[in-house]
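To start, the structure under review is shown below, and the notes come after it.
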Amino acid sequence: MPITRRSLATTLAATAAPALASNAGGTVPVERVVRSVLPNGLEVIAIPDHRVPVVTHMLWYRVGSADEEAGKSGIAHFLEHLMFKGTARAPGNTFSTAVTSVGGNENAFTSYDYTGYFQRVAREHLATMMEFEADRMTGLVLTDAVVDPERDVVLEERKSRTDNDPGARLSEAFSHRLWRDHPYGIPVIGWEREIRLLNRDDALAFYRRHYAPNNAVLVIAGDVTPDDVVRLAETTYGTIAANPAIRPRRRPPSPVHTERERVRLADPRVAQPSMSHAVIVPSYATAAPGEAEAQEILGQIAGSSPNGRIFKALVTEQGLAAGAGGFYAGSSLGDGRFGVFASPRPGVTLERLETAIADVLGRLVQDGITEEELARAKTRLIADSIFSQDSQASMARMYGSALVCGATVADLQDWTNRVRKITVADVARAAARAFALDRAVTAELVRGDHG
């Protein structure tokens, strides 16, 4: 049950682009997507894909770690674990057993802005998946005998994924420095001291407050018709009453950085030193028209591939870095961030690498980009969005993650047109903001004594 988050370790290993990174960068033809809203408020998205007789059933809740109460960090992710513990109608692992018995697979994920559950099964089992998932929307049964051991599981997960991993520990400190007291500065898995205090009452209170049809988006992609999807949704989810206490979500203002800040972690287990810079920028949800698309294009030009400016300069031409790049993380309900990262080759200091990074970014801001670069970046982005449609699960994730963060189906379908309208001047403005290193947070991971 993975936690979806953008970690520094992920950034250094790839391009800080986990499965949901391009949620706003996809487009599906209008006739392939049908949106409906049930009387109880459940938003239903049907994405017919008849190439294979399987379906992906995803239920997204508009609640994540950024919606937790102060002092209860980790409760969203903890509840995700507990959702697999059964209901009165389907006790224990009855649901999971039903999925595996028909050759399907399932999982769940928690992020700052959403929690999701999904199953991928043959099309004839869709109704059964809907029945099970609708049942645990409000029918979860928890006892201390179930909750207490699962809390230990989460603590062990934190220990293995974060506490024992220098890169993950730096990522956590890096994010906390960047976001400060904003909810995005608290790790999705939660702080250890607060996880230890979570209990059955906390889980049930969070569950009853946020798990409701009018706080969810159901996405069905696969060998189905929209009419069948709506009919099945009405007979399963449609019988659940809406929660009148559900209100629209808003994220607090992001912190303003007026000077360069640094986070450094030294650990004898570090095999590869690394450096990363991040600046808070608008996300697709908070950006002015065209601003997010310009940042998306800038991410392509700066460093999303070996042809990116950062990689070419630091790796190919100067030979200073073993890997380098840049990325735009704009799929969130609040603001997003723009990041730059690099790992030095043996014998190259982080100080020398940082100077080279600043030079590349400075020239990009001062000289701008060419029309040819802009055209290539647009082509790559649009092509990637088309290729993503080959994956049924990718389409479901693309729509689900965007819709729970404030986008609409129309927003996604118009994305290509908006990208095509971006100009060189738009990207220049994005670069001036994204590459303002005098207001960035810089993280350094080095080998050495703990510090």
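For the stretch 36-188, just say rounded, prolate or oblate: build the C-alpha gyration tensor, square-root its eigenvalues into a ≥ b ≥ c, call rounded for a/c under 1.5, and beyond that prolate if a/b exceeds b/c, oblate if not.
Values: a/c = 1.86, a/b = 1.58, b/c = 1.18.
It is prolate, given that a/c is not under 1.5 and a/b is the larger ratio.
Roughly what would the spin-label model give for Val102 and Asn417, points 7 Å off Cα along C-beta, in nm?
Spacing of the two 7 Å Cα→Cβ label points: 3.9 nm.
Can you send over the solvent-accessible area of Asp438, 1.4 Å probe, protein chains only, in Å² to the nearest 10?
Surface accessible to solvent at Asp438 totals approximately 100 Å².
Rounded to the nearest 5, what % of the DSSP beta bridges within the chain are antiparallel ones?
Here the antiparallel bridges make up roughly 75 percent for the chain.
Could you give the distance between the Cα centres of the stretch 246-310 and the stretch 354-413, to the whole Å?
The stretch 246-310 and the stretch 354-413 have Cα centres spaced 13 Å from each other.
Over the Cα atoms of the stretch 292-332, what radius of gyration and what Dmax do you get, in Å?
Rg and Dmax of the stretch 292-332, Cα atoms, are 10.9, 35 Å.
At 1.4 Å probe size, with every protein chain present, just tell me what the per residue accessible area of the chain comes to in Å².
41 Å²
Would you check the accessible area of Arg32, probe 1.4 Å, heavy atoms only, in square angstrom rounded to 10?
60 Å²
Can you show me the helix-derived [θ] at 222 nm for the chain, built from DSSP H runs with n ≥ 4 at -39,500 (n - 2.57) apiece and divided by the number of residues, rounded to the nearest 500.
Working: 16 runs with 171 residues, N = 451.
Helices in the chain give a 222 nm mean residue ellipticity of -11500 deg cm²/dmol.
Pairs of alpha-carbon atoms within less than 8 angstrom and 6+ residues apart define the contacts here; what relative contact order does the stretch 177-286 have, in percent? Show your work: numbers first, answer last.
Working: 35 pairs, mean separation 47.9, N = 110.
Relative contact order, the stretch 177-286: 44 percent.
Between rounded, prolate and oblate, where does the stretch 37-114 land on the alpha carbon gyration tensor, with a ≥ b ≥ c its root eigenvalues, rounded for a/c under 1.5, else prolate if a/b exceeds b/c?
Oblate is the answer for the stretch 37-114, as a/c is 1.5 or above yet b/c matches or exceeds a/b.
Name the trypsin sites (Lys or Arg not before Pro) in the stretch 88-135 that are in a loop by DSSP and that have at most 15 other C-beta atoms within 10 Å, would you?
Those that pass, being in a loop and sparsely packed, are Arg89.
Tell me whether the stretch 348-451 comes out rounded, prolate or oblate; compute the Cα gyration tensor, take square roots of the eigenvalues as a ≥ b ≥ c, and use a/c under 1.5 as the rounded threshold.
Numbers: a/c = 2.39, a/b = 1.49, b/c = 1.61.
Cα axes put the stretch 348-451 in the oblate bin.
Sorted by average packing, counted as other Cβ atoms within 10 angstrom per residue and highest first, what order do 203-209, 40-46, 279-285 take?
Taking the mean over residues of other Cβ atoms within 10 Å, the ranking is 279-285, 40-46, 203-209.
Please report, as a whole percent, how much of the solvent-accessible surface of the chain comes from carbon and sulfur atoms (probe radius 1.4 Å).
52 percent
The values are calculated or read from the model by the stated rules, or taken from the named source; none is laboratory data. These figures come from a predicted structure and were not determined experimentally. All Cβ positions, even for glycine, are placed from backbone atoms using ideal geometry, and neighbour counts span all protein chains on display. Surface areas here come from the heavy atoms of the whole protein model, side chains and all, with no ligands, DNA or RNA. Shrake-Rupley method; radii C 1.70, N 1.55, O 1.52, S 1.80 Å.
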